[in-house]
1. Please list 3J(HN,Hα) in residue order for the stretch 186-198, calculated via the Karplus relation 6.51 cos²θ - 1.76 cosθ + 1.60 where θ = phi - 60°; whole Hz, with x for glycine and proline.
2. Considering the Cα trace of the stretch 10-143, what is its radius of gyration and what is Dmax, both in angstroms?
3. Starting from the Kirkwood Rh over alpha-carbon pairs, what translational D in µm² s⁻¹ does the stretch 76-165 have by Stokes-Einstein at 25 °C and 0.890 mPa s?
4. Quote the relative contact order of the stretch 87-224 in percent (integer), defining contacts as alpha-carbon pairs under 8 Å separated by 6+ residues.
5. Can you work out ³J(HN,Hα) from phi for every residue in the stretch 30-37, in order, using Karplus 6.51 cos²θ - 1.76 cosθ + 1.60 and θ = phi - 60°, giving whole Hz and x for Gly and Pro?
6. Report the convex hull volume per residue for the stretch 166-212, counting only C-alpha atoms, in Å³.
7. For the pair Arg98/Ala201, report the inter-label distance in nm, with labels modelled 7 Å from Cα in the Cβ direction.
8. Hey, with R₀ at 22 Å, roughly what FRET efficiency would Val108 and Asp145 work out to, going by the Cβ-Cβ distance, to 0.05?
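Bear in mind these aren't lab numbers, they're just calculated from the coordinates by the rules spelled out. Computed from a predicted structure; not experimentally measured. Virtual Cβ from ideal backbone geometry, glycine too; neighbours counted across all protein chains shown.
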Amino acid sequence: MYDRNSPFTAKPSALEPRQKTEFAEDRLMQAILWCELTPGSTATEVELAERFGLGRAATRAALAKLSAFGLMHPIPRLGWRVLPMSGALIGQVISARRLVEPALGEAVLSQEALSAASSLAHMITIIGDRVEAGSLLTRRGYERDLMEILLAGVNPIISSFLSSLWAQSDRIIRFLELGGAAPYGAMDADALVEAYRAGDADAVCAARTREIEKFQSFVSLALLNDSSELTMDRGELKPGAPNQKQKQSAPSKEPIRVSSGGRLSNKGIES
């Protein structure tokens, strides 16, 4: 019987519709998380399909899935808007992580999983806080792989939620780094793996709490060091425009500017 998936087949078969949709979803997801699609920007279905070399049907299905995740929003007559970055979003991610990450203390890892996690932690420590593009990408890949191993040991529902929170955290980090923040430092992977090896749930929770606090400090420092000019919104006066109220406008395609002291927006800062 002919097996189209055989490694000896001369040419690989064309992707099935479901595979095309999964590929489109993954590609657009990565574009959002790595800020290839600027937070708050808009694009049509056709523009997205052409930009990333995707089929129209697959793009449409992928956008519907990403919309369900809250990462893309349909905007009448404008197309789709990428989830904007805001102080409220960052705060919600941090709060949710504080609530959910203690569940990692209950993860049960096999010896095989512990061994794999230990190897990844060793590689993360070797790379450390090197900021060369290749080193940074490699280290973060190892960190994601390590956390995926830990997720395999917890409740699948919690695992899915944590994976989403970490993805949002990665997006926030990337967004702030593109705005001029110093690269986010390496996680203390050795301490985390050692806590699992010792079966110490409290130490696991403490390690993750330190990581969340480091993330919060990174965000705060990035915002405080930003030199973007502050403006005001929601009917308040803007500098240089006395007695004139700021009008609401359609979502901008311009990159969002990071400003300290309020909610982030594509117009600056909202009080």
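1. Per residue, the Karplus-derived 3J(HN,Hα) values read 5, 6, 7, 5, 4, 5, 5, 5, 4, 5, 5, 4, 7 Hz.
2. Gyration radius and largest Cα-Cα distance of the stretch 10-143: 18.9, 54 Å.
3. 159 µm²/s
4. 38 percent
5. My calculation for the stretch 30-37 gives 5, 5, 6, 5, 9, 6, 4, 9 Hz in order.
6. Taking the convex hull of the Cα positions in the stretch 166-212, it is 68 Å³ per residue.
7. 2.2 nm
8. Step by step, r from the Cβ atoms, then E = 0.70.
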